[in-house]
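A short worksheet on the structure shown next.
The values are calculated or read from the model by the stated rules, or taken from the named source; none is laboratory data. Worth saying up front: this structure is predicted, and the values here are computed from it rather than measured. Here the Cβ positions follow ideal geometry from the backbone for every residue, glycine too, while neighbour counts run over all protein chains shown. Just the protein is used for accessible areas: all its heavy atoms, side chains included, with ligands, DNA and RNA removed. Shrake-Rupley method; radii C 1.70, N 1.55, O 1.52, S 1.80 Å.
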Amino acid sequence: MPGPVESAPCATCGGAGYVVEQVLGKPALARRCACQAACPRCGETGYVLVPDASGARAQVCACRHLDERIRLFNKVGIPAAVARASFEAFKSYSPDHVAAKRVAEDFARAFRSDKPSKGFLFYGRPGGGKTHLLAATLRWLALEKGVPCRYVEFMLLLSEIKAGFDSGRNQMEILRPLISVPVLAIDELGKERGTEWERSMLDELISHRYNGGLATLFATNYFLDPRAPAEEPGRMVQTRSRDFQREAEAMSLSQRVGDRVYSRLNEMCTLLRLDPNVDMRKDGAGGYWGR
Ligand SMILES: [Zn+2]
Ligand SMILES: [Zn+2]
(Lines give C-alpha, C1' and ligand atoms only; values in the text may rest on other atoms or scores of the structure.)
(Ligands and ions follow the chains in the order given, each with its own letter.)
Protein backbone atom coordinates (compact mmCIF):
# COMPACT_ATOMS: atom_id res chain seq x y z
CA MET A 1 0.00 0.00 0.00
CA PRO A 2 1.38 3.44 -0.86
CA GLY A 3 2.07 5.69 2.12
CA PRO A 4 0.61 9.19 2.56
CA VAL A 5 1.77 11.56 -0.15
CA GLU A 6 3.46 14.75 1.03
CA SER A 7 2.40 17.34 -1.52
CA ALA A 8 4.75 20.22 -2.42
CA PRO A 9 3.47 23.73 -1.56
CA CYS A 10 1.26 25.22 -4.26
CA ALA A 11 3.35 27.03 -6.90
CA THR A 12 0.75 29.79 -7.24
CA CYS A 13 0.29 30.83 -3.61
CA GLY A 14 3.30 29.18 -1.97
CA GLY A 15 0.96 27.52 0.50
CA ALA A 16 -0.65 30.76 1.74
CA GLY A 17 -4.02 29.69 0.33
CA TYR A 18 -4.76 33.10 -1.20
CA VAL A 19 -3.58 35.26 -4.09
CA VAL A 20 -3.84 39.04 -4.43
CA GLU A 21 -5.05 40.58 -7.69
CA GLN A 22 -3.58 43.79 -9.05
CA VAL A 23 -6.00 45.63 -11.31
CA LEU A 24 -5.19 49.18 -12.44
CA GLY A 25 -7.33 51.77 -10.71
CA LYS A 26 -8.91 49.25 -8.33
CA PRO A 27 -8.06 48.53 -4.70
CA ALA A 28 -6.19 45.28 -4.06
CA LEU A 29 -8.43 42.18 -3.99
CA ALA A 30 -7.51 38.82 -2.54
CA ARG A 31 -9.18 35.53 -3.41
CA ARG A 32 -8.82 31.90 -2.54
CA CYS A 33 -6.10 30.23 -4.57
CA ALA A 34 -7.26 27.54 -6.98
CA CYS A 35 -5.55 24.98 -4.73
CA GLN A 36 -8.13 25.87 -2.07
CA ALA A 37 -11.16 25.87 -4.39
CA ALA A 38 -12.29 22.67 -2.74
CA CYS A 39 -10.75 22.58 0.71
CA PRO A 40 -8.52 19.51 0.88
CA ARG A 41 -8.94 19.27 4.65
CA CYS A 42 -12.70 19.44 5.25
CA GLY A 43 -14.15 18.76 1.80
CA GLU A 44 -16.06 22.07 2.02
CA THR A 45 -18.00 21.09 5.13
CA GLY A 46 -16.13 23.72 7.17
CA TYR A 47 -15.31 21.17 9.90
CA VAL A 48 -12.60 18.63 10.51
CA LEU A 49 -12.60 15.78 13.00
CA VAL A 50 -9.80 15.85 15.54
CA PRO A 51 -9.15 12.93 17.86
CA ASP A 52 -9.71 13.47 21.58
CA ALA A 53 -10.26 11.37 24.73
CA SER A 54 -13.84 10.46 23.78
CA GLY A 55 -12.91 9.48 20.21
CA ALA A 56 -13.17 12.54 17.97
CA ARG A 57 -14.71 15.99 17.97
CA ALA A 58 -15.52 18.46 15.22
CA GLN A 59 -13.38 21.57 14.91
CA VAL A 60 -13.79 24.58 12.61
CA CYS A 61 -11.50 24.10 9.59
CA ALA A 62 -8.77 26.67 8.89
CA CYS A 63 -10.41 27.44 5.53
CA ARG A 64 -13.21 29.25 7.41
CA HIS A 65 -10.60 31.64 8.81
CA LEU A 66 -9.12 32.03 5.35
CA ASP A 67 -12.41 33.30 3.91
CA GLU A 68 -12.84 35.70 6.81
CA ARG A 69 -9.33 37.05 6.40
CA ILE A 70 -9.77 37.50 2.64
CA ARG A 71 -12.96 39.43 3.37
CA LEU A 72 -11.06 41.67 5.82
CA PHE A 73 -8.23 42.26 3.35
CA ASN A 74 -10.68 43.23 0.63
CA LYS A 75 -12.05 46.01 2.83
CA VAL A 76 -8.63 47.59 3.55
CA GLY A 77 -8.55 49.72 0.38
CA ILE A 78 -4.92 49.16 -0.58
CA PRO A 79 -4.24 51.13 -3.79
CA ALA A 80 -3.50 49.24 -7.01
CA ALA A 81 0.10 50.50 -7.25
CA VAL A 82 1.00 48.60 -4.08
CA ALA A 83 -1.59 45.83 -4.34
CA ARG A 84 1.08 43.17 -4.01
CA ALA A 85 3.20 44.92 -1.42
CA SER A 86 4.30 42.57 1.33
CA PHE A 87 7.15 42.24 3.80
CA GLU A 88 8.64 39.49 1.61
CA ALA A 89 8.46 41.67 -1.52
CA PHE A 90 10.01 44.70 0.21
CA LYS A 91 13.68 44.96 -0.74
CA SER A 92 16.06 46.90 1.47
CA TYR A 93 18.69 49.01 -0.33
CA SER A 94 19.74 51.25 2.55
CA PRO A 95 19.94 51.40 6.36
CA ASP A 96 16.72 53.48 6.29
CA HIS A 97 14.95 50.59 4.53
CA VAL A 98 16.22 48.04 7.02
CA ALA A 99 15.20 50.12 10.04
CA ALA A 100 11.75 51.02 8.67
CA LYS A 101 10.96 47.46 7.68
CA ARG A 102 11.93 46.26 11.15
CA VAL A 103 9.64 48.82 12.82
CA ALA A 104 6.72 47.88 10.56
CA GLU A 105 7.22 44.14 10.97
CA ASP A 106 7.67 44.36 14.74
CA PHE A 107 4.48 46.39 14.94
CA ALA A 108 2.52 43.85 12.88
CA ARG A 109 3.80 40.82 14.78
CA ALA A 110 3.34 42.34 18.25
CA PHE A 111 -0.07 43.83 17.48
CA ARG A 112 -2.93 42.76 19.75
CA SER A 113 -6.50 44.02 19.41
CA ASP A 114 -7.04 43.96 23.17
CA LYS A 115 -4.09 46.21 24.06
CA PRO A 116 -3.37 49.83 23.12
CA SER A 117 -0.40 49.96 20.78
CA LYS A 118 1.80 52.74 19.49
CA GLY A 119 1.81 53.20 15.72
CA PHE A 120 4.57 54.50 13.47
CA LEU A 121 5.10 57.42 11.11
CA PHE A 122 7.51 57.31 8.18
CA TYR A 123 8.78 60.56 6.69
CA GLY A 124 10.96 61.17 3.65
CA ARG A 125 10.90 62.19 0.03
CA PRO A 126 8.55 60.35 -2.37
CA GLY A 127 9.65 57.02 -3.78
CA GLY A 128 11.39 55.63 -0.70
CA GLY A 129 8.94 52.79 -0.10
CA LYS A 130 6.76 54.35 2.61
CA THR A 131 3.45 53.37 0.98
CA HIS A 132 4.79 49.89 0.25
CA LEU A 133 5.52 49.34 3.95
CA LEU A 134 2.15 50.71 5.05
CA ALA A 135 0.42 48.33 2.63
CA ALA A 136 2.62 45.38 3.65
CA THR A 137 1.78 45.97 7.31
CA LEU A 138 -1.97 46.07 6.66
CA ARG A 139 -1.79 43.02 4.41
CA TRP A 140 0.01 41.02 7.06
CA LEU A 141 -2.40 42.10 9.81
CA ALA A 142 -5.51 41.30 7.75
CA LEU A 143 -4.43 38.09 6.03
CA GLU A 144 -2.14 36.52 8.62
CA LYS A 145 -3.73 37.79 11.83
CA GLY A 146 -7.35 38.57 10.94
CA VAL A 147 -7.18 42.21 12.11
CA PRO A 148 -9.60 44.71 10.48
CA CYS A 149 -7.60 47.57 8.91
CA ARG A 150 -8.15 50.53 6.61
CA TYR A 151 -5.87 52.53 4.31
CA VAL A 152 -6.68 56.12 3.34
CA GLU A 153 -4.89 58.81 1.42
CA PHE A 154 -5.60 61.92 3.43
CA MET A 155 -6.43 64.20 0.46
CA LEU A 156 -8.84 61.65 -0.99
CA LEU A 157 -10.53 61.27 2.37
CA LEU A 158 -11.06 65.05 2.54
CA SER A 159 -12.55 65.02 -0.98
CA GLU A 160 -14.86 62.20 0.06
CA ILE A 161 -16.03 64.19 3.11
CA LYS A 162 -16.65 67.27 0.94
CA ALA A 163 -18.55 65.19 -1.63
CA GLY A 164 -20.57 63.80 1.27
CA PHE A 165 -21.73 67.31 2.23
CA ASP A 166 -23.18 67.78 -1.26
CA SER A 167 -25.20 64.60 -0.96
CA GLY A 168 -26.43 65.45 2.54
CA ARG A 169 -24.15 63.10 4.49
CA ASN A 170 -22.43 64.51 7.50
CA GLN A 171 -18.72 64.03 8.09
CA MET A 172 -19.22 61.55 10.93
CA GLU A 173 -20.82 59.01 8.58
CA ILE A 174 -17.54 58.90 6.69
CA LEU A 175 -15.21 59.28 9.68
CA ARG A 176 -16.91 56.82 12.05
CA PRO A 177 -15.63 53.59 10.45
CA LEU A 178 -12.13 55.11 10.35
CA ILE A 179 -12.34 56.16 14.00
CA SER A 180 -13.22 52.66 15.16
CA VAL A 181 -11.14 50.35 12.93
CA PRO A 182 -8.37 48.64 14.97
CA VAL A 183 -5.57 49.76 12.61
CA LEU A 184 -5.75 52.77 10.27
CA ALA A 185 -3.01 53.89 7.88
CA ILE A 186 -3.09 57.52 6.72
CA ASP A 187 -0.89 58.16 3.68
CA GLU A 188 0.27 61.46 2.15
CA LEU A 189 -0.14 63.36 5.40
CA GLY A 190 0.53 67.09 4.93
CA LYS A 191 -0.24 67.14 1.22
CA GLU A 192 -3.52 68.95 1.93
CA ARG A 193 -3.60 72.75 1.81
CA GLY A 194 -3.61 73.09 5.58
CA THR A 195 -6.84 75.03 6.05
CA GLU A 196 -8.47 75.23 9.49
CA TRP A 197 -11.19 72.86 8.33
CA GLU A 198 -8.70 70.27 7.05
CA ARG A 199 -6.79 70.41 10.32
CA SER A 200 -9.95 70.02 12.35
CA MET A 201 -10.89 66.88 10.35
CA LEU A 202 -7.47 65.37 11.00
CA ASP A 203 -7.61 66.32 14.66
CA GLU A 204 -11.10 64.83 15.01
CA LEU A 205 -9.98 61.57 13.46
CA ILE A 206 -6.73 61.03 15.29
CA SER A 207 -7.83 62.39 18.69
CA HIS A 208 -10.66 59.86 18.79
CA ARG A 209 -8.30 57.06 17.83
CA TYR A 210 -5.71 58.17 20.35
CA ASN A 211 -8.28 58.31 23.16
CA GLY A 212 -9.54 54.87 22.17
CA GLY A 213 -6.01 53.44 22.30
CA LEU A 214 -6.19 52.48 18.61
CA ALA A 215 -3.06 52.27 16.48
CA THR A 216 -2.63 54.69 13.58
CA LEU A 217 0.15 54.53 11.00
CA PHE A 218 1.25 57.47 8.85
CA ALA A 219 3.43 58.31 5.87
CA THR A 220 4.40 61.83 4.87
CA ASN A 221 6.75 63.53 2.42
CA TYR A 222 7.46 66.26 4.99
CA PHE A 223 10.47 66.14 7.28
CA LEU A 224 10.51 66.94 10.98
CA ASP A 225 12.69 70.00 10.39
CA PRO A 226 12.33 72.50 7.56
CA ARG A 227 14.68 71.64 4.69
CA ALA A 228 16.60 73.83 2.30
CA PRO A 229 14.66 73.94 -0.99
CA ALA A 230 16.10 71.53 -3.56
CA GLU A 231 18.64 73.10 -5.92
CA GLU A 232 17.66 73.12 -9.55
CA PRO A 233 20.82 73.70 -11.54
CA GLY A 234 20.43 75.27 -14.95
CA ARG A 235 17.20 77.02 -14.12
CA MET A 236 17.46 80.69 -15.00
CA VAL A 237 13.83 81.63 -14.64
CA GLN A 238 11.70 80.63 -11.69
CA THR A 239 7.98 80.76 -12.14
CA ARG A 240 6.00 81.95 -9.16
CA SER A 241 3.94 78.78 -8.87
CA ARG A 242 7.08 76.65 -9.02
CA ASP A 243 8.67 78.80 -6.30
CA PHE A 244 5.58 78.34 -4.20
CA GLN A 245 5.70 74.57 -4.63
CA ARG A 246 9.39 74.40 -3.70
CA GLU A 247 8.69 76.49 -0.63
CA ALA A 248 5.87 74.14 0.38
CA GLU A 249 8.10 71.08 -0.10
CA ALA A 250 10.71 72.63 2.19
CA MET A 251 8.23 73.09 5.05
CA SER A 252 8.38 70.87 8.13
CA LEU A 253 5.64 68.44 9.09
CA SER A 254 4.57 70.59 12.05
CA GLN A 255 4.28 73.61 9.74
CA ARG A 256 2.06 71.52 7.44
CA VAL A 257 -0.25 69.94 10.00
CA GLY A 258 -0.06 72.47 12.85
CA ASP A 259 1.49 72.17 16.31
CA ARG A 260 -1.52 70.53 17.92
CA VAL A 261 -1.70 67.61 15.49
CA TYR A 262 2.08 67.35 15.41
CA SER A 263 2.37 66.92 19.16
CA ARG A 264 -0.42 64.30 19.00
CA LEU A 265 1.54 62.41 16.32
CA ASN A 266 4.55 62.31 18.64
CA GLU A 267 2.46 60.75 21.39
CA MET A 268 0.80 58.19 19.10
CA CYS A 269 3.73 57.09 17.00
CA THR A 270 7.34 56.16 16.63
CA LEU A 271 8.62 58.71 14.08
CA LEU A 272 11.16 57.30 11.68
CA ARG A 273 12.98 58.68 8.63
CA LEU A 274 12.60 56.62 5.47
CA ASP A 275 14.53 58.65 2.94
CA PRO A 276 16.91 56.38 1.07
CA ASN A 277 18.84 57.73 -1.87
CA VAL A 278 17.04 55.50 -4.31
CA ASP A 279 13.66 56.04 -5.94
CA MET A 280 12.08 52.62 -5.74
CA ARG A 281 9.41 53.53 -8.26
CA LYS A 282 11.73 54.98 -10.93
CA ASP A 283 14.41 52.33 -10.48
CA GLY A 284 11.89 49.53 -10.32
CA ALA A 285 13.71 48.46 -7.19
CA GLY A 286 10.67 48.06 -5.02
CA GLY A 287 9.03 45.23 -6.89
CA TYR A 288 5.83 47.29 -7.04
CA TRP A 289 4.70 45.55 -10.18
CA GLY A 290 6.51 42.31 -9.59
CA ARG A 291 5.16 38.93 -8.53
ZN1 LIG B 1 -2.38 27.75 -3.97
ZN1 LIG C 1 -11.77 23.43 5.06
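General observations
- Placing a pseudo-label 7 Å from each Cα along the Cα-to-Cβ vector at N170 and K75 gives an inter-label distance of 2.4 nm.
- Net lengthening on full extension, L24/S92 (0.36 nm per residue, minus Cα-Cα): 21.9 nm
- Accessible-area composition of the stretch 18-68, carbon plus sulfur, in percent [1.4 Å probe]: 60 percent
- Mean accessible surface per residue for the chain, computed with a 1.4 Å probe while every protein chain stays in place, in Å²: 54 Å²
- Computed from Cα atoms, the angle from the helix 130-139 axis to the main principal axis of the chain rounds to 30 degrees.
- Loop-located GluC sites (Glu not before Pro) across the stretch 1-101 with a Cβ neighbour count of 15 or fewer within 10 Å are E6, E44, E88, with loop assigned by DSSP.
- Rounded to 10°, Cα long-axis angle of helix 259-268 versus longest principal axis of the chain: 30 degrees
- Close Lys-Lys pairs in the chain, where close means Cα under 17 Å and separation is 8 or more or interchain: 11
- Amide hydrogen neighbours beyond the local backbone of C39, cut-off 5 Å, H modeled: E44
- Within the accessible area of the stretch 83-137 (1.4 Å probe), percent carbon and sulfur: 51 percent
- Listed as lacking a disulfide-compatible partner in the chain: C149, C269, by the criterion of no other cysteine Cβ under 4.7 Å.
- Helix axis angle, 240-250 relative to the chain longest principal axis, alpha carbon, degrees: 60 degrees
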